[in-house]
Amino acid sequence: MSCFPERVFQIFITVSAAFAFLTGAGAADPAPWPWMPKELVLYIATGPNNPRNSEGDFIVLDDGTILHIFTHYIGTSDHDNASACLMSRSSADGGETWTAEDKLELEKEGKLNVMSVTLRRLADGRVVMFYLVKEAADDCRPYMRVRQNDGTWGPRVCLVPELSYNVVNNDRVIQLASGRLLVPVARHDCQGETKWEPNAAIFCLISDDGGQSWREGRRVEPTEGILYQEPGLCELADGRVLMNIRASGGAQYFTYSCDGGESWSTPFKSCIDSPLSPTLIKRIPGSDELLAAGNPLLPIDGQSDRATMTIERLSPDAGKILVRKTMEHPERFVGPDWQYPSICFLDNDTALVAYFVYGSGIFIYKINLLEL
């Protein structure tokens, strides 16, 4: 599939603009492209004994409350393997205002931490949380819990019984129209703290009984010379499943499944240019088109390769970028990383987009999809 030859809109979002909002600092110079109007509805800052707030997801509860659960690091280290639990904030008015204090959702279960949340309402009405438990440098496995009527989380179910290192990003698990659950996995070859292979085996964990049992689908065919990590999934309107893969080579790599995630086509370089960082892709409610959030390639020398984040609207087959925007003006700012977005569609026209910045915290914006 060829890429769209011209991106209709393109602007870049940087940390200076977000801090300008919070501190009252002056705006950046006008960008040469239009920018997306948006509203910053929540900023979850780091603080003492809390060096990092990061990967999370949203769920709309039965009473309309929006719950955002995220990884809350404890102590002095913000390393991926540092101590962390799961905290939440909630909104009772459609995301306009949020509770002021973090609420504990899940204690640290692993010897290292818990992190990387996906929240889903299944077809049978249950609200399920998927997350990672890290026991050691070579032991990272996905678990799931079902939310109880009293708001607590039921017994945990391990999706991978054998010792292994499995990466599942936040806001990535999907349920197909058939009811099948798919968990996109990047499995890394590890041996204690002495070996960690950055090039991962990519596949899906599959459940056809609502999460009671799990099995592995076929692995995605590797591409010579290309590093694969952190896949994501999206069911297209025609029933195919699109998998996008964080990859080297300057772009996301795409592959398709026509059998519900059992097997995958030969991966190819997609139209979404990116550094070695993940991109989240979801189908827009009431539309066949897709919404993608991730880091673009930047031409600015010395710029951090994750220092901006784009919002892109894709054609139904994900072969073309129809619109590309971010949520602020560009500025040269070296250092911070904007990472691991999550998206919550409130209706056909409105979405919440969250992501975190190292050394700062989580930013949640409300955006109008009609302005894309």
- Message: For segment 136-158, give me each residue that is in a loop (DSSP other than H, G, I, E, B) and closer than 16 Å to Ser213 by Cβ.
- Response: Pro155, Arg156
- Item | Members of segment 344-371 found to be surrounded by fewer than 22 Cβ atoms within 10 Å (Cβ to Cβ) and of a type in the set (Gly, Ala, Ser), listed by number | Gly359, Ser360, Gly361
- Residue pairs meeting the criteria (Cβ under 6 Å; at least 6 apart or on separate chains; first at positive phi and touching a residue at least 60 places away in the same chain (Cβ under 8 Å), in segment 343-372; second of a type in the set (A, V, I, L, M, F, W, C) and buried (at least 21 other Cβ atoms within 10 Å of the Cβ)): Gly361/Ile44
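Each row is one residue, and each column tells you yes or no for (1) more than 24 Å from Ala293 (Cβ to Cβ); (2) touching a strand residue (DSSP E or B) at 6+ places or on another chain (Cβ under 7 Å); (3) touching a residue at least 60 places away in the same chain (Cβ under 8 Å).
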residue	(1), (2), (3)
Ser88	no, yes, no
Gly95	no, yes, yes
Thr99	yes, yes, no
Leu132	no, yes, no
Leu159	yes, yes, no
Asn169	no, yes, yes
Arg172	no, yes, yes
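Is it the case that some residue within segment 242-249 is part of a loop (DSSP other than H, G, I, E, B) and of a type in the set (Lys, Arg)?
no
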- Item | Where a residue in segment 251-275 is farther than 22 Å from Arg180 by Cβ and its partner, wherever it lies, is aromatic (Phe, Trp, Tyr) and surrounded by fewer than 18 Cβ atoms within 10 Å (Cβ to Cβ), with Cβ under 8 Å and at least six apart | Tyr253/Phe268; Cys271/Phe4
- Query: Looking at Ile245, is it among the β-branched types (Val, Ile, Thr), without any contact (Cβ under 8 Å) to a residue 60 or more places away in the chain and crowded, with 21+ Cβ neighbours inside 10 Å?
  - Reply: yes
- Query: So which strands (runs of 3 or more DSSP E) stay within segment 321-372 end to end and still have 3 or more residues that are at pLDDT 85 or above and over 18 Å from the mean Cα position of the chain (by Cα)?
  - Reply: 321-325
- Taking into account only those residues within segment 195-240 that are part of a loop (DSSP other than H, G, I, E, B) and β-branched (Val, Ile, Thr), which is surrounded by the most Cβ atoms within 10 Å (Cβ to Cβ)? Val220
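The values are calculated or read from the model by the stated rules, or taken from the named source; none is laboratory data. Since the structure is predicted, the reported quantities are computational estimates derived from the model, not experimental observations. In this analysis, Cβ positions are derived from the backbone assuming ideal geometry, glycine residues included, and neighbour counts consider all displayed protein chains.
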